[in-house]
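This report refers to the structure that appears directly beneath it.
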Amino acid sequence: MGLGKVSVRVNGADCGIEAIMLGVVTSIGGFLFGYDTGQISGMLLFTDFIDRFGQTQADGTKAFTEIIKSLIVSLMSIGTLFGALSGAYTADWWGRRRSLSFGVLMFIVGNIVQITSMDSWGHITAGRFIAGLGVGNLSVGVPMFQSECCPREIRGAVVASYQLMITIGILVSNAINMGVRTFEDSDASWRIVIGLGIAFSLPLGIGILFSPESPRWLAGRGRWEESRIALARLRGLKDDPHNSLVEDDFNEMQESIAEQSKVGSGTWSECFTGKPSEIPRLVFRTLLGCAIHFLQQWTGVNYFFYYGATIFESAGVDDPILTQLILGAVNVITTFPGLYIVERLGRRIPMIVGAVWQSVWLLIFASVGVARPPTEYKSSGIIMIVSACMFIASFAMTWGPFAWVVIGETFPLRTRAKQASLATACNWLGNFLIAFLTPFANSGIGYSFGFVFCGTNLAAAVIIYFFLYETKSLSLENVDAMYSDMSLKAWQSSKWVPAGYLDRKTRDDTFFSRQRSLNTVGAHERDSYSEKSGTSDEAKMAERRV
């Protein structure tokens, strides 16, 4: 068992308390994502916000024009798109931890710019753009960091918790909007909503610096001993870094990374050409990640969260912000089953079923809205709210968390940061298009916009069936090995078992004992060299740094 063991049993394996705490702290990045997404819907209805940043109409009143409303909401998404692309550089240059702290810093700066806005919609929009740079950086860094650090037995649930925190962030922002609405004619209303985002971001920016660095990032830099120590900490075996459990994880990782490192570091062009590494299905995985994340937005979820209050107000609902709060609560509650489903049923089947289910309820939403306008038939408004709740329940259990799980485990280490950035940038591109186009769609085709989302959900189901491989219970290195099996089809992938395993959860002890014996000589040689060269002290320093 080893000395100094601080771990818990999860899914039959040892997981360190630090791994669980890392998952909790980093998921705050998802909370910031959700909080910023949810806050703007209610703020667009605040009296003081409209008076300060709205446009004077012909009758002398203040209101937002469609183009200004679109820009205020959507420029944050453009910021997050660029922030996602920058995440590839910061995560590789500075390490996964410092990159996350940088993302928090950008988010705080953006919020300060928004709080200091007085009467210029350009000022508030610039602040949302800057905050978006931080959120975009975090949206790449958090799932990647979680996937690289967390033991495979809890990886899916931990990364899915990122989406859970997004939903909680949306709900909290809706609740705060509800609370400050009592003084919406004061600038304190929207300034409090924005300012609280700064307080919520600090635990992530500071707490992450006390977590272990990604062992795979360290190994990719040739810092093997630090990588081993980080793995041991994440298994709760800090004082026993040569424990067989740590050794097996380390050897799996070492072989894969050493092979990929032979041809240097990955480039942007390699993500689209596969050269010079010739890693199997590399371009395939780039396009798959981009498609899944673009379609996650085009399921239509942020059609409701960005403009839900406005949509339901126009539908004649008496209290649109309360309706938005209900949708947010459904989003949070139904995300919890997703944390269970992702580890029990895998990724493929829930995403296929979820996409089909979502398309059905969007079809109902759009059909009722077009055939029986809710402004004329009160029952239509009720049916549309129920349809929205059923849609959001499915999204929260499947496409919401699962898309982030997939992005964290599909790509090889060599190009992981860049491919994750590209996929996340596509997420934010889809997000921007929804945010920008919805006001025009509402005034143009009305509720028929729901038919578009119905079609995109069906397309998403088809893509998952034919192209996404089942990664449940596999280490990241074995995920890479599975995608590298050119004879394997996506719909057959759930039956694939890696070398050295009896099934996906059960290691073949004979195989790994043989692997450890092969590495014993090399380990003794490294220890001998360390004693002669005096690097044992450096290893201790490395432990403190990690």
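Quick notes on this one:
- Amide H contacts of Asn243 (H built 1.01 Å from N, in plane; Pro and chain starts excluded): no residue 5 or more places away or on another chain comes under 5 Å.
- Against the chain, whose longest principal axis comes from its Cα atoms, helix 121-149 is set at around 30 degrees.
- A Cβ-based charge dipole, computed about the Cα centre of segment 180-294 with Lys and Arg at +1 and Asp and Glu at -1, lands at about 260 debye.
- Quotient of the Cα radius of gyration of the chain and 2.2 N^0.38 Å, N being its number of residues: 1.00.
- Amide H partners (placed H, <5 Å) of Tyr501, local residues excluded: Asp508
- Take each peptide in 166-179, 274-287, count the other Cβ atoms within 10 Å of every residue, and average; sorted highest first, the result is 166-179, 274-287.
- With kT/(6 pi eta Rh) evaluated at 4 °C and eta = 1.567 mPa s, and Rh the Kirkwood radius from Cα pairs, segment 343-478 diffuses with a coefficient of 78 µm²/s according to Stokes-Einstein.
- Per-peptide packing, taken as the mean over residues of other Cβ atoms within 10 Å, places 374-382, 332-340 in the sequence 332-340, 374-382 from highest down.
- In segment 184-242, the trypsin sites (Lys or Arg not before Pro) that fall in loop regions by DSSP, at most 16 other Cβ within 10 Å: Arg221
- For segment 434-511 versus segment 385-403, the spacing of their alpha-carbon centroids is 17 Å.
- Around the amide H of Gln55, modelled in the peptide plane, lie the amide H atoms of Ala63, Phe64, Thr65, all under 5 Å away and 5 or more residues distant in sequence or on another chain.
- Mean shadow area of segment 322-376 over all directions, Cα convex hull, nm²: 4.7
- Computed from Cα positions, the angle between helix 66-93 and the longest principal axis of the chain comes to roughly 10 degrees.
- Calculated log₁₀ intensity ratio I(q)/I(0) where the Debye formula runs over C-alpha points of segment 151-239, q = 0.16, 0.23 Å⁻¹: -0.81, -1.17
- Shape of segment 167-206, Cα gyration tensor, a/c cut at 1.5: oblate
- Normalised by the number of residues in segment 19-77, the average gap of Cα pairs under 8 Å and 6 or more apart makes the relative contact order 18 percent.
- Excluding ligands, DNA and RNA, the accessible surface per residue across the chain is 37 Å² with a 1.4 Å probe.
- When the helices of the chain are scored as -39500 (n - 2.57) per DSSP H run of n ≥ 4 and the total is divided over every residue, the value at 222 nm lands at -24500 deg cm²/dmol.
- Charged-residue dipole, Cβ positions (Lys, Arg, Asp, Glu), the chain about Cα centre, Debye nearest 20: 680
- Rounded, prolate or oblate (a/c below 1.5 giving rounded, otherwise prolate when a/b exceeds b/c) for segment 158-298 by Cα gyration tensor: oblate
- Here the chain has 66 percent of its accessible surface on carbon and sulfur atoms, given a 1.4 Å probe and all protein chains in place.
- Exceeding the 27 Å Cα-Cα cut-off - candidates Lys418/Lys472; Lys238/Lys505; Lys238/Lys418; Lys418/Lys489: Lys238/Lys418
- Each 10 Å bin from 0 upward holds the following percent of the Cα-Cα pairs of segment 81-188: 14, 33, 33, 15, 4, 0.
- Sequence-separation-based contact order of segment 63-190, relative, with Cα cut under 8 Å and 6+ spacing, percent: 27
The values are calculated or read from the model by the stated rules, or taken from the named source; none is laboratory data. Quick caveat: nothing in here was measured; it's all calculated off a predicted structure. Please note: Cβ atoms are built from the backbone with ideal geometry, for glycine as well, and neighbour counts cover all protein chains shown. For accessibility, only protein heavy atoms count, side chains too; no ligands or nucleic acids. Shrake-Rupley method; radii C 1.70, N 1.55, O 1.52, S 1.80 Å.
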